[in-house]
Each structure stands twice: as structure tokens, then as C-alpha cells.
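Right, one structure below, let's go through it.
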Amino acid sequence: MTVKYEKFLLNGVEYKTLLTQKWINRKRWEEPNPYLLSSHIPGTIMQIEVKEGQNVQEGDVLLILQAMKMNNKLTAPFSGKIKKIHVNAGDKIPKGALMIEMEENEAV
Amino acid sequence: MSLKRNILDLRKRKEIVLQGGGEDAIKKQAAMGKLTARERIEGILDKGSFHEYDMFVEHQSKDFDMDKKVLHGDGVVIGTGTVYGEPVAIYAQDFTVAGGSLGLMHARKITKIMDHAIKMRMPIIGINDSGGARIQEGVDSLAGYGEIFFHNTQASGVIPQLSVILGPCAGGAVYSPALTDFVFVVDNISKMFITGPEVVKTVLGEEVSMEELGGARVHACISGNAHFFASTEQECFEQIKKLLTFIPWNNQRKAKAFPAKAPKAEYNIEKILPADPTQPYDVRDIIRAVADDSDFFEVQQDFAQNIVVGFGRIDGETIGFVANQPLVLAGVLDCDSADKAGRFIRFCDAFNIPIVTFEDMPGYLPGVEQEYMGVIRHGAKVLYAYSEATVPKVTVILRKAYGGGYIAMNSRHLKADFMFAWPTAEIAVMGPEGAANIIFRKEIKESANPEETRKQKVAEYREKFANPYVAASKGYIDSVIEPSETRLLLKHSIEVSGNKTVMTPVKKHGIPPF
């Protein structure tokens, strides 16, 4: 029986080894993008308070995400413009789902 | 006359209780491929050794018409018996009685047999098969769980606690197995989760099957909650009995000694290790090459396979083996493998089982994911567990022993009693490639042919430092040994450690990095 080994790079050395399913399926780290607002918890979108193209101030409520029996307010992390809304009221979304895309306010 | 009648009456009462939830419920249990509570107990204990207590216990709840319902034995069977002639306490939840739901009296029966096990200093085996809290009993059933958890914690480190998941074990119920020493699961039968798929769907909107959420494989391979995975209940019972041959009955005793047996000839210790430190091999073959009869009983076989832990014997005495596994993820220490090793080491220490460590590892796993998952605090568990352990501790460095990993894997500096190294050992702050790149950065950069210089410097570093003799010259390694001497020296080390005594500072308890 021949086993096929994978290459595994560690501290500049290439080891031959097997990988675990857990390792293969692991969630890769990605550099956070401040313009993409994703859910930190799975839940239901209760209502959306803004429209695409609307200018918002830092701290404005963008939408309400109900999760674990709590109505969580998603607020604007900075003053800017709503570029795209990716969810509708009533949607059930998992953790990490992209909800709203923002962009810099052109006027600024 | 009257006595005879009384006896007949007693027999009749017992017969009724022994029917559990009745014929239909038993048929349903069988249709799910499951044995009944009493069949399971019979399957684990020596034949005819089981004696049941609290058969006539009944629930006391009155709400929701519960006073009109009779739940035989309140859904749990408790008692004592023997395994290979040694006494054990056991309980088994009876799914045929109200789905094995846990009410206050059900819980009180469990804590009663646990108290007995603690007092008599014998292992307790808990068979879980329950739909969860008996909702009609309200806070009383929560009280029941709480009392069980408290007892689990009191018993921890005093007597071995085995949890066998043979059905659903959901909600609060999961925390009793989680507090015990070993969890056994069976494919397609065990289901463990905090909240079931229904709730996950309604609350979180995630659709997942029961098997994907908390099946036996999930806990054996991914979550690490289970220690032993079996395909059938019968196989599971054999695993339980085998484990019991390796462990002592309580923290005051040593595991039973068996007649010594030579390892099998097929495991030739000189033919396992590849010379090139980047090539893999199965470290379990090294363990089998030194263990009596090459019998290695692995714990958490399918979880964090980059480290191997389990029991074997050397010269008849139980040994806890811990070994880096170059076959998987090059044998790195990461969050999961550190958890796995740390816990196993603490079990061995609590129950007087000497620890033998085989080391061949390139270090801790770097990267954002691991750092975010807390590889620092998880990795610290290995350091803590080894440092804290006062049982005889022997290390054999087979090949790589780099950096933090070298320190963590039961080094001399954490008070290993014996440090052996094979001549193939490379003990260094890091691998030759990394080290040469840093130390000779300037030379490499300024060289006419940097790649050539780099190779040359790596070779130079390897020649000078990637060996066991630098550490041996400082007394960090006691002896550089030939692979063929390993078993003999392990045997000797354990033999001469029989009266090991260590004074630790007086404390209530340490604060390990949970």
C-alpha cells in the first residue's frame, strides 16, 4: 500500500506528512475588510433602516438582527454611503454572512 | 405461608420494574439498533455479577398529571458488579422509560451510586441514553443535573469515571460526560449536543442533521469530546473492559501488573525511523516496538492525530505513552494536540501511571488561525501538565526537538526524570534551515552566490548543532542511546523510579490554563 503524502511547509522546511480533515476544512484567516459588514452571530434580519445609496453617519442604525432572542442593532462603523444591501427583512442568515457593503462618502 | 406470599409479591413487583417502559418501548429501542439499559450493564460486567439497587424508587412530581404516571425505577438502573473480578459501580439510563428523561429522583439514584463509588474507591461507569431534562419536573430536573455535575467534579482524580454515550445525550446532560475521564461513543447511536438540530434551525437558521451536529464521528474526530469510537455497542463494551485493565481502581493504587511479554518481532525498532527529518513514519510503530506484546491501546485515535496518546505496558506495568506523530501535520503541537496531550498527562499523573514521551516534532504551529484560537494558552497546557506531574517521567528524543516544542515535550527543564536521545536527535532552538537563515543572514546576503552560501551554512549548522551531543554535554540529556536499547532503558527507568518522592509547594490547587 502506498500512501500519498502532502507537503507541509513549516518554518522554512518542507515536511512530508498527512493532513487531517479538520486541517483541510479549517477556516482560513482573511484580512478584515472594514467596508464589508458581516453578521457576528447567526439570526434573523428584523428590519432594514437604510437604502442603497443613502449617506449615513457613524453610529446610525443600519438594520436589526435578531439573534438568541435579542434585537441587535447594526450601526454604521463610520460615516459613509450604503453601497449595497445584501439581505432582506425576514432573511435567516448564518454567522459571517455579508449583510451590508459600505463605501466612503464622495463628498468627503 | 405469609412469608411465601410476601416473596411472591416481591418477585412480582421486581418483574414489573424489570420491564422498564414495557414491551412496545423495548421493541422501539431494539428497532433503533440499541440494547436495553440492563442488557448493556450485563454486556459490560462479569456474567451474573450485577446487583441492582433502588428498583422501587419513584418520582415525586405532581404537576402536569405526573402523579398519575408510573415511571419504573424513574428511568435509570443503578448498581454494582465486577469487571474481571474487580468491583465497579455502574448506572444506565433507561430510554424505554419516558425516554430516559432526567427527573430529580433519577438524578438522586445516579448521585447515590456515585457517592458509593467514591466511598468504595472504585471506578464508575455511566451509560447515557436520555432525551434530556424531564420538563414536567421543571427546576427539579435542573437541580438533578447540577448535583450530578458536582459529584463528577468531586470524584475527578479520585476514581476513574467512564461515560458511555449510547443514545441521545443532549442539553445540560452533556456536561456530565464532559467532566469525566473517558467518553465512549458508538457510530449511529451516540448523539451529543448542547441544542439539537431543531433548535439550531429555528434559532440560528442553520440546517444540519443530527449526525453532522453531534454524531459519534463528530466527537471522535472533530470536537475531541469522545475518547473511544466503536462501530457497535459490543465493540464499545470490549473497549471499556480493555481500558479497565490498564488503569488503577483509584488514586491511591497502581494499575494492576500483568506478566511481562516481549514486543512482537515484526516491530523492528531500528527499521522505523527514516534518516531524513522531513520524511514521515508512524510513531505508533515505535511505541509498539517497546510495549509488551506490541499492545498499544490508543486514546482519542481520530482526534488531533498529530499527537498520539494511549496506554501500553512495559515489563507488565501500565505506561502512559505520549508521542509526536510525524505522519500527521508533521507532528506539530497545535491547540487541539496540546489539549489532548495535556489532559492525558493529567489523567496519568492523577492515577499513578508513569509517562513515557517519544519526541519528534518541529515545534508549535505558527499562523494567524492558531494564534487567534489561542495556541498560547492551549500550548501552555502541555507545559503545565508535564511540570505538574509527579509520576515517573521519561523522555526519548527520536529526531527533531526544536524550540518551544523541545521544552514542552517533557524536557529536563520541566523535571523529566530520565532524558534519553537517539543519535538521530536534533536538539536546537529551531531547524537548521531557519537558524542558518537568521544567524548567517549577513554572510548569505553579501555572498556572491547567496543560495550556495545558504545551503553551506545550513549544512554547517546541522553538522554542529543538530545533534544530541550539545545538549548531552550540558547534562540536559542523560544518555545518548542506541534505538535497540530503548525498551531496556525504559524498563530500567521505571524500575528505579518506584519510590519517587517529590515535594511540591503547599497549595489548594494550581490554576492550569484551562
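Filter region B:256-296 down to the residues that are among the small types (Gly, Ala, Ser) and crowded, with 21+ Cβ neighbours inside 10 Å and list them by number.
If the condition is that a residue be among the small types (Gly, Ala, Ser) and crowded, with 21+ Cβ neighbours inside 10 Å, then B:ALA289, B:ALA291 are the ones that fit.
Restricting attention to region B:336-377, and to residues there that are modelled with pLDDT of 95 or more and within 14 Å of chain A (Cβ to nearest Cβ), which single residue is nearest to B:GLY405 (Cα to Cα)?
Per the criteria, the residue is B:ASP360.
Taking the criterion of being in contact with a helix residue (DSSP H, G or I) (Cβ under 7 Å, 6 or more places away or on another chain) and assigned to a loop (DSSP other than H, G, I, E, B), would at least one residue in region B:74-81 satisfy it?
No, every residue in region B:74-81 fails to be in contact with a helix residue (DSSP H, G or I) (Cβ under 7 Å, 6 or more places away or on another chain) and assigned to a loop (DSSP other than H, G, I, E, B).
Specify the residue that is modelled with the highest pLDDT; the eligible residues are those in region A:50-69 that are in a strand (DSSP E or B) and within 14 Å of chain B (Cβ to nearest Cβ).
Filtering first and then ranking leaves A:LEU65.
When only residues in region B:280-292 that are touching a residue at least 40 places away in the same chain (Cβ under 8 Å) and not aliphatic (A, V, I, L, M) count, which is farthest from the other protein chains (Cβ to nearest Cβ)?
Here the answer is B:ARG284.
With the condition kept exactly as written, say whether any residue in region B:476-485 is loosely packed, with under 11 Cβ neighbours inside 10 Å, of a type outside the set (A, V, I, L, M) and either modelled with pLDDT under 95 or closer than 30 Å to A:LEU9 by Cβ (or both).
No.
Give me a count of the residues in region B:290-319 that are over 13 Å from B:LYS491 (Cβ atoms) and assigned to a helix (DSSP H, G or I).
Here the count works out to 2.
When the residues of region B:460-473 are filtered to those that are over 35 Å from the mean Cα position of the chain (by Cα) and touching a residue at least 24 places away in the same chain (Cβ under 8 Å), which remaining residue is surrounded by the most Cβ atoms within 10 Å (Cβ to Cβ)?
Looking at residues that are over 35 Å from the mean Cα position of the chain (by Cα) and touching a residue at least 24 places away in the same chain (Cβ under 8 Å), I get B:TYR461.
I'd like the residue in region B:129-160 that is of a type in the set (Ser, Thr, Tyr) and in contact with a strand residue (DSSP E or B) (Cβ under 6 Å, 6 or more places away or on another chain) and, out of all such residues, is surrounded by the most Cβ atoms within 10 Å (Cβ to Cβ).
Among those that are of a type in the set (Ser, Thr, Tyr) and in contact with a strand residue (DSSP E or B) (Cβ under 6 Å, 6 or more places away or on another chain), it is B:SER130.
Of (1) surrounded by fewer than 19 Cβ atoms within 10 Å (Cβ to Cβ); (2) hydroxyl-bearing (Ser, Thr, Tyr); (3) more than 24 Å from the chain's Cα centre (by Cα), B:TYR84 satisfies all except one. Which?
(3)
Which residue is surrounded by the most Cβ atoms within 10 Å (Cβ to Cβ), if the candidates are limited to region A:1-43 and must be of a type in the set (Val, Ile, Thr) and within 7 Å of another protein chain (Cβ to nearest Cβ)?
Looking at the filtered set, the residue picked out is A:THR17.
The values are calculated or read from the model by the stated rules, or taken from the named source; none is laboratory data. Quantities reported herein were computed from a predicted structural model and do not represent experimental measurements. Neighbour counts run over all protein chains shown; Cβ positions are idealised from the backbone, glycine included.
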